[in-house]
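Remarks on the structure that follows.
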Amino acid sequence: MNDLIGVVDWSRAQFALTAMYHWLFVPLTIGLSVIVAIMETLYVRTGQARWKGITKFWMTLFGINFACGVATGLILEFEFGTNWSNYSWFVGDIFGAPLAIEGIVAFFMEATFVAVMFFGWNKVSKRFHLAATWLTALGVSISALWILVANAWMQNPVGMTFDPEQMRNVMTDFWSVALNSVAINKFFHAVFSGWTLAGVFVIGVSSWLLWRKRNEEAAKSSMIIGSWVGLAGLLLTLWTGHGSAVEVSKVQPMKLAAMEGLYRGNIGQGLVGVALLDHSANPLDGDEPMAFSIDIPKGLSYLIYGTGDRFVPGIIDILEGREINAQGDTVNTVSYADRIAIGKRAQQSLRDYETARRANDTAAMATAAEAVAKDFKYFGYGYLKSPEAAIPPVGLTFYSFRIMVIAGGYLLVLFLVMVFISYRKPKYLEKAWLHWAGMISIAVVWVCSQAGWVLAEVGRQPWVVQDLMPTNAAISDIPASSVQLTFWIFAFLFTALLIAEISIMLRYISSASKKNIEQTA
């Protein structure tokens, strides 16, 4: 048992490590590809050679980051087979399809057109090269689309049925999987957040150039584009973030409750503005979960339903299967204790099916298969020891959400200030405080991005596939020591890769800044 727990914990830690390192590179790749394409468009439309030099400068930084993202992404996909083989078997027919499309279509597009981007200067026409740059940006986004379709299916499994003969889920409706409402919101949220991150990156690097008084005109031009792309990305990120919250309230209400540290919901539920959790309290026993809290009256009800007179359930309400409608009437749904019982019954029916299959008893097989289908909705709950096991880590989920929101608010102010100064008060572009604000914001935007990813993944625990498979049922049958060893190997390699990327980028920025970027065309 201890070794099983060790395998689960180390496998989770290894996957989290790989995913978080990978997410350092992905949003910059998504956003910087668009910024580079915009810059090259300006070069083609204006015919000014300076824009070609600026494009090449940022394109090189894109290429360095792109290579690191590919390296971590490949390892991430391999881990599904090495560490999560039960999961891969259970849902491989569904989960594998989007990843296959991503590899065959999107990655093929990226690999093909990125070569034209870097090596096609003066070998193909301006317009063909521009098309290759935009197609690379499109390929990067399409790649993100199919990966997020796969991830969204794990959080809202649709378009499938369970086949007891194969002991696995099989896809029945590809378009339900591809057009999953959770996937659509996650895709646009991720892409627009990538624009935001890349906008801050361009502002930060440009601020360094201005601080060092090198390539100032190129830096100012880049800063304008970075500010506009980042501002558009952030505003759209806020819009899609609201859509994601609405979807979470429908398919993962426990995640929403953990985000708010909400244990007992109310009609006209407030939205937590500033708060600190009381970690010594036991809210399940009736203790107040907040050490202090400043709420926006009826804010959460408005956020989710668009009206302030709706009920938002808390963690205890969800566990007890109780909701309250707008009129204040109590409505009983399926409690988590009952879900566990139903899940165990579904699992027993599946064992009965296997027994009947071995005995070649077709009548018993049909009866057992019908019983499995009837109770399969709560199949995964049968693995849980208690209803409380379905509660995600509230503290980490709660604070990740607030870090993301606070950092996002700061970035909104940054973009507005940069746009205003660039057009109305350009003399302030010479101020050291502005340069330092731009450079420090690079760290802020990555913290914001990582916090969002932690919120999305930690908030859905203990589920690998919502309601159908918890983490402890998804792992491979391998020794904990093997996973522990590879964890430290990956930790060392990924850290070395990140250091190498930062070092290469800094050296390139420093060496390029000593030349006239606008004349490197």
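The values are calculated or read from the model by the stated rules, or taken from the named source; none is laboratory data. Treat the numbers as computed from the prediction; the structure is a model and nothing was measured. Here Cβ is always computed from backbone atoms with ideal geometry, including for glycine, and neighbour counts include all displayed protein chains. With ligands, DNA and RNA removed, areas are computed over all heavy atoms of the protein, side chains included. Shrake-Rupley method; radii C 1.70, N 1.55, O 1.52, S 1.80 Å.
Structure notes:
- Just one of the listed residues (SER476, SER441) is hydroxyl-bearing (Ser, Thr, Tyr) and in a helix (DSSP H, G or I), and it is SER441.
- Contacts under 8 angstrom Cβ, first residue in region 90-111 being over 28 Å from LEU350 (Cα atoms), partner among the acidic types (Asp, Glu) and open to solvent by 40 Å² or more (accessible area, probe 1.4 Å), 6 or more apart: LEU99/GLU77
- Filtering region 467-485 to residues that are over 17 Å from SER88 (Cβ atoms) and open to solvent by less than 50 Å² (accessible area, probe 1.4 Å) leaves ASP467, ALA480.
- Within region 319-330, the residues that satisfy the criterion of being at pLDDT below 65, open to solvent by less than 60 Å² (accessible area, probe 1.4 Å) and in contact with a Lys or Arg (Cβ under 9 Å, 6 or more places away or on another chain) are ASN325, ALA326.
- Some residue of region 297-317 being assigned to a strand (DSSP E or B) and either small (Gly, Ala, Ser) or open to solvent by 50 Å² or more (accessible area, probe 1.4 Å) (or both): no
- Residue identified as more than 30 Å from ALA219 (Cβ to Cβ), part of a helix (DSSP H, G or I) and touching a residue at least 60 places away in the same chain (Cβ under 8 Å) among THR18, THR41, THR60: THR18
- Entirely in region 167-263, the helices (runs of 4 or more DSSP H) that have 3 or more residues that are open to solvent by less than 30 Å² (accessible area, probe 1.4 Å) and in contact (Cβ under 8 Å) with a residue 40 or more places away in the chain: 181-211, 216-251, 253-260
- Restricting ILE340, ILE315 to residues that are modelled with pLDDT of 85 or more and more than 19 Å from PHE398 (Cβ to Cβ) narrows the list to ILE340.
- Inter-residue pairs, beta-carbon under 6 Å, first within 14 Å of VAL248 (Cα to Cα) and in region 447-466, second hydroxyl-bearing (Ser, Thr, Tyr) and crowded, with 21+ Cβ neighbours inside 10 Å, 6+ apart: LEU455/SER400; VAL458/THR397; GLY459/THR397
- Which listed residue, of ARG12, ARG127, is out of contact with any Cys (no Cβ under 7 Å at 6 or more places or on another chain), at pLDDT 90 or above and open to solvent by 50 Å² or more (accessible area, probe 1.4 Å): ARG127
- Which numbered condition ASP361 misses (of (1) under 30 Å from ILE502 (Cα atoms); (2) open to solvent by less than 80 Å² (accessible area, probe 1.4 Å); (3) modelled with pLDDT under 90): (1)
- Checked against (1) open to solvent by less than 40 Å² (accessible area, probe 1.4 Å); (2) under 30 Å from ARG264 (Cβ atoms); (3) out of contact with any strand residue (DSSP E or B) (no Cβ under 7 Å at 6 or more places or on another chain); (4) not hydroxyl-bearing (Ser, Thr, Tyr), GLY395 meets all criteria but (3).
- When we screen ALA346, ALA389, ALA366 for residues that are without any contact (Cβ under 8 Å) to a residue 40 or more places away in the chain and open to solvent by 20 Å² or more (accessible area, probe 1.4 Å), the only hit is ALA366.
- Exactly one residue out of LEU74, LEU99 is part of a helix (DSSP H, G or I), closer than 30 Å to VAL170 by Cβ and open to solvent by less than 40 Å² (accessible area, probe 1.4 Å): that is LEU99.
- LYS425 meets each of the listed conditions (1) surrounded by 14 or more Cβ atoms within 10 Å (Cβ to Cβ); (2) out of contact with any Asp or Glu (no Cβ under 9 Å at 6 or more places or on another chain) apart from (1).
- Residue pairs meeting the criteria (Cβ under 9 Å; at least 6 apart or on separate chains; first touching a residue at least 12 places away in the same chain (Cβ under 8 Å) and farther than 16 Å from LEU76 by Cα, in region 487-506; second in a helix (DSSP H, G or I) and open to solvent by 50 Å² or more (accessible area, probe 1.4 Å)): GLU501/ALA67
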